[in-house]
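Here's the structure, in structure tokens; my notes come after.
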Amino acid sequence: MRAFKNLLVTGGAGFIGSNFIRHVFRKTGFTGRIVNFDALTYAGNPHSLDDVATAFGERYVLLRGDIRDASAVREAMNRFDIDGVVHFAAESHVDRSIVGPDAFVQTNIVGTFNLLQAARERGGAMQLFHHVSTDEVFGSLGPEGWFSETTPYSPHSPYSASKAASDHLARAFHDTYGLPLTVTNCSNNYGPYQFPEKLVPLMIMNALEGKGLPVYGKGLNVRDWLHVEDHCDAIWQVATRAADGQTYCIGGHNEMRNIDVVTRICALVDELAAPLASGEPRSSLIKHVADRPGHDLRYAIDASKIAADLGWKPSFDADSGFKSTVRWYLDNVAWTDSVRSGEYQKWISENYETRK
């Protein structure tokens, strides 16, 4: 079992990264230090980990840095004597990749290359490079079957193509240079601290405020929904216990059509918040819009390998997961207001250099 002393988490101020850092500190018995290396772009909110910074002091370091900057990556790894990397940092929104693919190539491919090079240069000091990826690299499924670790890659968007390229780079560094490596490909995450451009938080906030709820096409696209806390637990199990060179698919065993996700969220907001002034159910706010170009029909994960090898399985089902998520957003309006107003970005520009 690997026991890291100094773990570099890239993109740790983002949605999954911040949940992962909190999970490691609070739920695993980890006694080392985590360096959160984040460019603090629009999707990186340092306030998402204020509680961790307060509770764990010098064991948590927030370092503003861009993985596209090879020298900054190398300096961070050497300065903090890094022996493990968990790599979340990525441009991740499909719609943004369609409009502006350049940023996805530079961050997801070149940035990953810079990290792999720096980790390789650490030599025997590097216990593991864990690369976090997505099931979108596999393309689209029909009405039956599941993605597994042996599914051929077939990406359909600039985002998924850039992640596929980074997966191949990571495995090439393992095969060519012997870099200790594990890879995970996950299904759609949801839960606390997710930036509101994504489906679940966007629908919760719009439903709460009585705004329109845009659904692509007929809403028949199917995704396997994975609660972020389950995902973080799976990543930690892989990073600390999996054999070098292994790949695992991580899914929530929770396939739902997009329209069903939205109607479930509407019902939960109706239940947990004040009713609309009109008295109508929030499902009346749903508006079908033109479909996204290249919109994959269905993703679903076969997570039997990680269950067999490491004993992992999701703890949240659709009922417990979506209800707890809606409740979190309703209870954390200050966080959502800060994100949507951009106040956290103003704070970064005025106050932030490096926080130790």
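The values are calculated or read from the model by the stated rules, or taken from the named source; none is laboratory data. Keep in mind the model is a prediction, meaning the values are calculated, not measured. Neighbour counts run over all protein chains shown; Cβ positions are idealised from the backbone, glycine included.
Before moving on, here are some points about what is shown:
- The residue that is surrounded by the fewest Cβ atoms within 10 Å (Cβ to Cβ), among those in region 25-42 that are in contact with a strand residue (DSSP E or B) (Cβ under 8 Å, 6 or more places away or on another chain) and charged (D, E, K, R), is 33.
- Hits in region 263-280 (condition: among the charged types (D, E, K, R) and either within 21 Å of residue 331 (Cα to Cα) or surrounded by fewer than 11 Cβ atoms within 10 Å (Cβ to Cβ) (or both)): 264, 270, 271
To keep it simple, each residue is scored yes or no on (1) among the hydrophobic types (A, V, I, L, M, F, W, C); (2) at pLDDT 95 or above.
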residue	(1), (2)
1	yes, no
13	yes, yes
23	no, yes
30	yes, yes
45	no, no
52	yes, yes
57	no, yes
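- For region 115-129, the condition holds for at least one residue, the condition being that it is part of a loop (DSSP other than H, G, I, E, B), in contact (Cβ under 8 Å) with a residue 12 or more places away in the chain, of a type outside the set (S, T, N, Q) and under 20 Å from residue 76 (Cα atoms).
- Of everything listed in (1) more than 27 Å from residue 292 (Cα to Cα); (2) in contact with a strand residue (DSSP E or B) (Cβ under 8 Å, 6 or more places away or on another chain); (3) hydroxyl-bearing (Ser, Thr, Tyr); (4) surrounded by fewer than 22 Cβ atoms within 10 Å (Cβ to Cβ), the single unmet condition for residue 182 is (4).
- Options 270, 309: the member that is of a type in the set (Asp, Glu), more than 30 Å from residue 218 (Cα to Cα) and at pLDDT 95 or above: 309
- Residue in region 322-350 that is modelled with the highest pLDDT, counting only those that are small (Gly, Ala, Ser) and under 30 Å from residue 271 (Cβ atoms): 324
- So residue 102, is it at negative phi and either surrounded by fewer than 22 Cβ atoms within 10 Å (Cβ to Cβ) or of a type in the set (Gly, Ala, Ser) (or both): yes
- Any pair with Cβ under 8 angstrom, 6 or more apart, that starts in region 82-96 at a residue that is within 11 Å of residue 41 (Cβ to Cβ) and ends at one that is buried (at least 24 other Cβ atoms within 10 Å of the Cβ) and of a type in the set (Asp, Glu): 89/38
- Number of positions in region 66-105 that are part of a loop (DSSP other than H, G, I, E, B), more than 13 Å from residue 157 (Cα to Cα) and out of contact with any Lys or Arg (no Cβ under 8 Å at 6 or more places or on another chain): 6
- Scanning region 48-65 for residues that are more than 17 Å from the chain's Cα centre (by Cα) and either within 23 Å of residue 334 (Cα to Cα) or in a helix (DSSP H, G or I) (or both) returns 50, 51, 52, 53, 54, 55, 56, 57, 58, 59, 62.
- Counted residues, region 281-295 - those being part of a loop (DSSP other than H, G, I, E, B) and within 23 Å of residue 333 (Cα to Cα): 1
- Total residues in region 12-26, condition assigned to a loop (DSSP other than H, G, I, E, B) and within 9 Å of the chain's Cα centre (by Cα): 1
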